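Chemist: Take a look at this one; I'll ask things after.
The values are calculated or read from the model by the stated rules, or taken from the named source; none is laboratory data. Remember, it's a predicted structure, so these values are computed and weren't measured experimentally. Neighbour counts are summed over all protein chains in view; Cβ atoms, including those assigned to glycine, are modelled from backbone coordinates with ideal geometry.
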Amino acid sequence: MNGKIYLDNAATTDMDPDVLEAMLPYFKAQYGNPSSIHGLAKYARDAREHARASVAELINAEPKEIYFTSGGTESDNWALKSVAFGNRPRGSHIIVSKIEHHAVMNTCEFLEKNGFEVTYLDVDEFGTVDPEDVRKAIRPETTLISVMYANNEIGTIEPISEIGKIAREHGILFHTDAVQAFGHVSIDVKRENIDMLSASAHKMYGPKGVGVLYVREGVKLEPLMHGGAQERGVRAGTENVPGIVGMGKAAEIAKRDMDERMAKESELRDHMIGRILGEVPFTKLNGHSTQRLSGNVNIAFSFIEGESVLMLLNHKGVFVSTGSACASGSLDPSHVLLAIGLEHEAAHGSIRFTLSYKTTRAEVDEAVDAVKEAVERLRAMSPLYADHLKRMNKTEV
Ligand code: PLP
């Protein structure tokens with residue numbers, strides 16, 4: 001294997017050196033527990049509050065509206081369960097999209113088992129939720145709308161402002177899972193009428209195991225875990241101070257460099273999409289062509305299995321994900337790709353490449369060359385491809 005080409009940045013990112021640098025003192029000299037009352041604790045408390053302000057600034061929130069968590073999964077669980085159980089006397093209906101991350105989907109399944117009703121909104125062929133469908137799904141007993149900011153598989157960016165406006169007009173709380181968008185897309189919780197937002201540090205060059213839930217002031221929050229009085233009494237447990245500091249630093253860097261990073265990534269993204277669609281026959285872009293995360297390329301390759309392409313690429317040191325990857329290891333195709341109308345076969349033949357601002361053009365070109373070779377090799381062995389060629393009156397396989 002030569003050097004690696006990492007194109008799986010939606011799974012996790014390489015931490016920025018400045019982030020690590022900022023975190024290190026809080027593992028060593030500044031190891032105090034923020035809840036203690038002596039001098040050492042003050043350093044940890046100050047660092048935590050500095051990080052809270054940096055995170056708030058990135059999305060135009062107030063520092064007191066930011067709660068630190070263990071990551072996107074906890075934030076999603078907390079938002080949905082808090083609103084659902086906390087508002088039960090008012091109603092027990094929730095609206096989400098069909099393409100949410102499992103952190104939302106499986107929380108909804110849990111809520112359904114506990115007597116809540118969930119409407120799963122369709123998306124169009126590009127993975128976009130129609131805000132009018134949100135409006136139509138609202139009932140008197142609806143207490144929460146949760147639609148992700150950007151999809152983790154196909155990169156589609158949702159019409160968040162429009163959905164936020166509809167939710168606000170109806171007095172319904174609006175949560176967005178912004179794990180893939182936070183630090184990558186300009187977000188303004190006030191302008192977009194977002195009441196709650198989930199984010200995670202490891203998707204934006206910060207450390208794993210830390211995230212935030214933004215909760216607009218005035219929205220009542222029920223604790224998910226019970227214990228100490230941390231995070232204003234609603235999120236018990238000694239804070240992950242180094243992680244929190246890292247997330248704050250990553251947010252500061254994202255604010256400073258976002259435009260430059262997005263411009264670089266989207267140019268490489270479009271170059272990669274153009275090369276694959278232009279040079280590999282029987283391919284299709286999954287997701288939206290413009291309303292798309294700057295680092296996301298998701299392609300359906302007909303007649304072959306995405307997992308087989310992944311293995312061949314892995315062998316060459318090119319690291320990607322399949323569109324049909326499933327955390328449970330089941331062979332079910334991705335619910336996102338099915339929701340945008342792909343047949344099972346096309347869903348199984350999809351690959352997600354996710355770039356970062358560190359990705360180079362040379363890496364993209366090398367990856368595309370490796371993809372072409374892998375696809376050709378697999379199609380040469382594919383009975384589906386042979387049948388197709390026969391049908392097209394071709395003789396050579
Ligand atoms: N939501 C989305 C859209 C994600 O992409 C992910 C992670 O892949 C999560 C939630 C979960 O975040 P975490 O890994 O921080 O728990």
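Chemist: Looking at (1) touching a Leu at 6+ places or on another chain (Cβ under 8 Å); (2) crowded, with 19+ Cβ neighbours inside 10 Å, find the lone condition where K81 falls short.
Modeler: Looking at each condition in turn, K81 falls short on (2).
Chemist: Assuming V297 fulfils every condition listed in (1) at pLDDT 95 or above; (2) surrounded by fewer than 17 Cβ atoms within 10 Å (Cβ to Cβ) apart from one, which condition is it?
Modeler: Condition not satisfied by V297: (2).
Chemist: Criterion first (assigned to a helix (DSSP H, G or I), hydroxyl-bearing (S, T, Y) and within 17 Å of the chain's Cα centre (by Cα)) does T12 satisfy it? Before you say what the answer is, go through the steps one by one.
Modeler: Working: assigned to a helix (DSSP H, G or I): no; hydroxyl-bearing (S, T, Y): yes; within 17 Å of the chain's Cα centre (by Cα): yes.
No: the conditions fail for T12.
Chemist: So, in the stretch 218-258, of the ones that are surrounded by 14 or more Cβ atoms within 10 Å (Cβ to Cβ) and of a type in the set (S, T, N, Q), which residue ends up nearest to F174 (Cα to Cα)?
Modeler: Top of the filtered list is Q230.
Chemist: Evaluate the following for R352: is it in the same structural domain as D270 (by TED's automatic domain parsing), in contact with an Asp or Glu (Cβ under 9 Å, 6 or more places away or on another chain), touching a residue at least 60 places away in the same chain (Cβ under 8 Å) and surrounded by fewer than 20 Cβ atoms within 10 Å (Cβ to Cβ)? Spell out how you get there, then give the answer.
Modeler: Numbers: in the same structural domain as D270 (by TED's automatic domain parsing): yes; in contact with an Asp or Glu (Cβ under 9 Å, 6 or more places away or on another chain): yes; touching a residue at least 60 places away in the same chain (Cβ under 8 Å): yes; surrounded by fewer than 20 Cβ atoms within 10 Å (Cβ to Cβ): no.
So R352 fails the test.
Chemist: While we're here: As an exercise: evaluate R232 against (1) touching a Ser or Thr at 6+ places or on another chain (Cβ under 8 Å); (2) away from the ligand (no atom under 14 Å from the Cβ); (3) in contact (Cβ under 8 Å) with a residue 60 or more places away in the chain and give the number of the one condition it does not meet.
Modeler: For R232, the exception is condition (1).
Chemist: Which one is surrounded by the most Cβ atoms within 10 Å (Cβ to Cβ), of the residues in the stretch 179-197 that are among the hydrophobic types (A, V, I, L, M, F, W, C) and more than 8 Å from the ligand (Cβ to nearest atom)? Talk me through it step by step, then tell me what you get.
Modeler: Restricting attention to the stretch 179-197, the residues satisfying the condition of being among the hydrophobic types (A, V, I, L, M, F, W, C) are 179, 181-182, 185, 187, 189, 194, 196-197.
Imposing the further condition that a residue be more than 8 Å from the ligand (Cβ to nearest atom) reduces the set to 181-182, 185, 187, 189, 194, 196-197.
On the way: A181: 26, F182: 31, V185: 17, I187: 22, V189: 24, I194: 27, M196: 28, L197: 29.
By that ranking, first place goes to F182.
Chemist: OK, next. I'd like the residue in the stretch 305-333 that is modelled with pLDDT of 95 or more and part of a loop (DSSP other than H, G, I, E, B) and, out of all such residues, is surrounded by the fewest Cβ atoms within 10 Å (Cβ to Cβ).
Modeler: G317
Chemist: Does N298 fit the bill of being outside the structural domain of F126 (by TED's automatic domain parsing) and either more than 16 Å from the ligand (Cβ to nearest atom) or in contact with a strand residue (DSSP E or B) (Cβ under 9 Å, 6 or more places away or on another chain) (or both)?
Modeler: In short, yes.
Chemist: Considering only the stretch 198-217, I want to know if a residue exists there that is more than 16 Å from the ligand (Cβ to nearest atom), surrounded by fewer than 24 Cβ atoms within 10 Å (Cβ to Cβ) and modelled with pLDDT of 95 or more.
Modeler: First, pick out the residues of the stretch 198-217 that are more than 16 Å from the ligand (Cβ to nearest atom): 215-217.
Now drop any that are not surrounded by fewer than 24 Cβ atoms within 10 Å (Cβ to Cβ), which leaves 216-217.
Going one step further and asking which of them are modelled with pLDDT of 95 or more, we end up with 216-217.
Looking for residues that are more than 16 Å from the ligand (Cβ to nearest atom), surrounded by fewer than 24 Cβ atoms within 10 Å (Cβ to Cβ) and modelled with pLDDT of 95 or more, one finds at least one in the stretch 198-217, hence yes.
Chemist: Considering every residue within the stretch 366-375, establish whether at least one is under 20 Å from L277 (Cα atoms) and exposed (fewer than 13 other Cβ atoms within 10 Å of the Cβ). Write out each step before concluding.
Modeler: Our first condition is that a residue be under 20 Å from L277 (Cα atoms); within the stretch 366-375, this holds for 366-375.
Remaining after also requiring exposed (fewer than 13 other Cβ atoms within 10 Å of the Cβ): none.
Within the stretch 366-375, not a single residue is under 20 Å from L277 (Cα atoms) and exposed (fewer than 13 other Cβ atoms within 10 Å of the Cβ).
Chemist: Right, here's the next one. Looking at A254, A250, which is the one that is touching a Leu at 6+ places or on another chain (Cβ under 8 Å) and touching a residue at least 24 places away in the same chain (Cβ under 8 Å)? Give the derivation first.
Modeler: On the way: A250 fails: touching a Leu at 6+ places or on another chain (Cβ under 8 Å).
Every option except A254 fails the conditions.
Chemist: For the stretch 116-126, does any single residue satisfy the condition of being farther than 17 Å from L337 by Cα, more than 24 Å from the chain's Cα centre (by Cα) and modelled with pLDDT of 95 or more?
Modeler: The first filter runs over the stretch 116-126 and keeps only residues farther than 17 Å from L337 by Cα, leaving 116-119.
Right, trim to more than 24 Å from the chain's Cα centre (by Cα) and you get 116-117.
Retained after the next criterion (residues that are modelled with pLDDT of 95 or more): 116-117.
Among the residues of the stretch 116-126, at least one is farther than 17 Å from L337 by Cα, more than 24 Å from the chain's Cα centre (by Cα) and modelled with pLDDT of 95 or more, which makes the answer yes.
Chemist: While we're looking at this one, here's another question. Please go through the stretch 128-146 and pick out each residue that is touching a residue at least 60 places away in the same chain (Cβ under 8 Å) and farther than 14 Å from I163 by Cβ.
Modeler: Of the stretch 128-146, the ones touching a residue at least 60 places away in the same chain (Cβ under 8 Å) are 128, 143-144, 146.
Once the filter is applied, which keeps residues that are touching a residue at least 60 places away in the same chain (Cβ under 8 Å) and farther than 14 Å from I163 by Cβ, the stretch 128-146 yields only T143.
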